[in-house]
1. Under 5 Å between amide hydrogens, which residues at least 5 positions from GLN27 or on another chain qualify, with H placed 1.01 Å from N in the peptide plane?
2. Using Cα centres only, tell me the gap between the stretch 232-284 and the stretch 95-111 in whole Å.
3. Quick one: work out Rg over Rh on the C-alpha atoms of the stretch 226-284, Rh as Kirkwood radius.
4. Mind checking Rg over Rh on the stretch 79-140, alpha carbons, Kirkwood formula for Rh?
5. Does the stretch 158-284 come out rounded, prolate or oblate by the C-alpha gyration tensor, with a ≥ b ≥ c the root eigenvalues, rounded set by a/c under 1.5 and, if not, prolate when a/b is larger than b/c and oblate if not?
6. Give the span of the stretch 106-151's Cα atoms along each principal axis, as three whole-Å numbers ordered largest to smallest.
7. For the stretch 147-156, just list the computed ³J(HN,Hα) in residue order, Karplus coefficients 6.51, -1.76 and 1.60, θ = phi - 60°, integers in Hz, with x standing in for Gly and Pro.
8. Count neighbours as other Cβ atoms within 10 Å of each site's Cβ, and list the GluC sites (Glu not before Pro) in the stretch 182-260 that are DSSP loop with at most 13 such neighbours.
Amino acid sequence: MGQVLRLGVDIGGTKIELAVLDAAGPQLRRRFPTPHGGYPPALDTLAKEILAMEQEAGARLQVGVGLPGLVSSEGVVANAYNTPFNGYPLKPDLERRLGREVRFANDARCFALSEAVDGAGRGARVVFGAILGTGVGGGVVVEGRVLTGRHGIAGEWGHTPLPWMTDEEHPAPLCKCGRPGCLEVFVSGPAKNRDLAVLGEARAMALYVDRLARAFAMAVNFLDPDVIVVGGGMSKHEEIYAAVPERMRPWVYHPRPSTPIVRAMHGDASGVRGAAMLWPEGSA
Ligand SMILES: [Zn+2]
């Protein structure tokens, strides 16, 4: 048996990225536009790209896939509305095409795993990774392993409601998941921009910080992670690290909360990194 390497595949609505992960980080990175001409050709393209990568790497590849939404216990993709794989049995179909097991996880869980293993959450026992971007996602990693849960939704913090809502926040806007008042409609990038248009930058940011503080306090009360790692487009705002910890205090069920809130280290590479890490290092 020759060398075995880990391949991470990051499926998004506009592009799919592949990279082989070794000790130096992602290698042989390759990206192509997400095919939107139906499931069979999309599956075909994905399998061919992975096999081409294997040729190029000159080693057998262990394949991990990160994608929006989730994969059911039967291997069917759900809630990944903007991909050609939604509603289809991608896991068994891809495994048949590649002749091997393929591991799947939600992309926010991949992000949390990547940051927990060797990113901003390195060394922490329980890492909560929060993505604040176009959508709001989350992932929980315990001792280097993604917590999946019974339904594969552990960490879906973005679709829990904003806690301790004020009178002004009622009635809560409807989330695209169909439920009112999800965190996604309050602490995503588009939510901040919606407030920015009405309130101006300073007041919109203050409101954002206040809401994020409540949202993180809820995560701390429930999970009490050792660190919260923040990724996604909103993670560039320094206010999150400077102001949120103080604003969380009144809401945390502890007299002196000290949960560090830190910015992610690996940026856009988190998807491919975390997907490859679904196979622990040396698991070949
Ligand atoms: Zn929702």
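What follows is calculated from the coordinates using simple rules that are stated; it is not laboratory data. Computed from a prediction, not measured in an experiment: that's the story for all the values here. Note that we place each Cβ from the backbone using ideal geometry, even for glycine, and neighbour counts take in every protein chain shown.
1. HN-HN under 5 Å from GLN27: VAL20, LEU21, ASP22.
2. After rounding, the separation between the Cα centres reads 23 Å.
3. 1.12
4. Value, to two decimals: 1.07.
5. Here the stretch 158-284 falls in the prolate category.
6. Extents along the principal axes: 29, 26, 12 Å.
7. With coefficients 6.51, -1.76 and 1.60, one gets 7, 8, x, 4, 10, x, 10, 4, x, 6 Hz.
8. Passing both the DSSP loop test and the Cβ count: GLU238.
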